[in-house]
1. Let me see the P(r) profile for the range 61-117: every Cα-Cα distance counted, bins of 5 Å, each bin given as a percent of all pairs.
2. Name the trypsin sites (Lys or Arg not before Pro) in the range 87-120 that are in a loop by DSSP and that have at most 10 other C-beta atoms within 10 Å, would you?
3. Work out the length of the dipole vector of the range 80-162 about its Cα centre, built from +1 on the beta-carbon of each Lys and Arg and -1 on the beta-carbon of each Asp and Glu, and round it to the nearest 20 debye.
4. Between the range 154-229 and the range 49-88, how far is it from one alpha carbon centroid to the other, in angstrom?
5. Based on a Kirkwood Rh over C-alpha pairs, give the Stokes-Einstein translational diffusion coefficient of the range 104-199 at 25 °C and viscosity 0.890 mPa s in µm²/s.
6. Restricting attention to the range 65-146, which GluC sites (Glu not before Pro) occupy a DSSP loop and are surrounded by at most 12 other Cβ atoms within 10 Å?
7. Note down the net charge around Leu196, summing +1 for each Lys or Arg and -1 for each Asp or Glu among other residues with Cβ under 11 Å from its Cβ.
8. Average projected area of the Cα convex hull of the range 96-144, in nm²?
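None of the figures in this text is laboratory data; all of them are computed from the coordinates on show. Here the structure is a predicted model, which is why all the values come from computation and not from measurement. Ideal geometry is used to build each Cβ from the backbone, glycine not excepted, and the neighbour counts take in all protein chains shown.
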Amino acid sequence: MPDFQGNKAICFPGSARFAGTARRWTALACTFWLVVFLAGSAAWGGERVPPDPRIARLNHAGFKSRGHCTGFAIRQGALITAAHCLPRIRTDTVHVLLGYETGSLERHIKTPGASYRIMPGRDIAALCDIEDRSDGFRLTGTAPKAGTRVVVQGYGAPRAHALQKTACSVLSRPRDGRMRLDCPLPPGTSGAPVMLMGSRQVIGVVSASSAAGSLAYRLSAGMTGRLCK
């Protein structure tokens, strides 16, 4: 499956600067990827679930592109997502839609991309001090091992207006902060929480995907504490 800036759902609309032929090729390319998404959605195996007030769809639109990802709130009062989900122009606005489903939502946070802090060497970003959420996800210090069963919840294409759940297994112990999962994930799932099966404990953040599986970065309370201090 295609990857756009990791596993972020993004498409580039035509503009006046493009010649007619280039604009047509852009439209054909976007149509092609849409067909790929629709054909591959069954293989991704995501199950639609009710919206969660701790999980958000992240939207942004700039001069030449628009895209969406997933984010989630943690108990320490921060919102976590993948760093590559942030707009390249740091003054562009990121809309955080917590508890979102088909136009309805529980809370809307609007900030420029520059408000997020990026973790050095990892595809992780945090919007700090959104509020102290005692009901937020808990970051566990338990390191996963090969075979650990996990669940990913995110707003993946083409059903990008509803939260979806995918069951996965960890393929290998985290190395350099990264861990591989055996499940392909659709574009738009970047920034989604990777949770231990049967719990609300988060062990990582989705970063990218391919037909063979996906990649996540390990996350712990100590890491976010240093990032948001």
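1. Result, from short to long distances: 4, 16, 30, 26, 17, 6, 1, 0 percent.
2. Hits after loop and neighbour filter: nothing returned.
3. Approximately 340 debye in magnitude.
4. 13
5. This corresponds to a translational diffusion coefficient of 159 µm²/s.
6. Those satisfying the criteria are Glu131.
7. Computed value for this residue: +3.
8. 5.4
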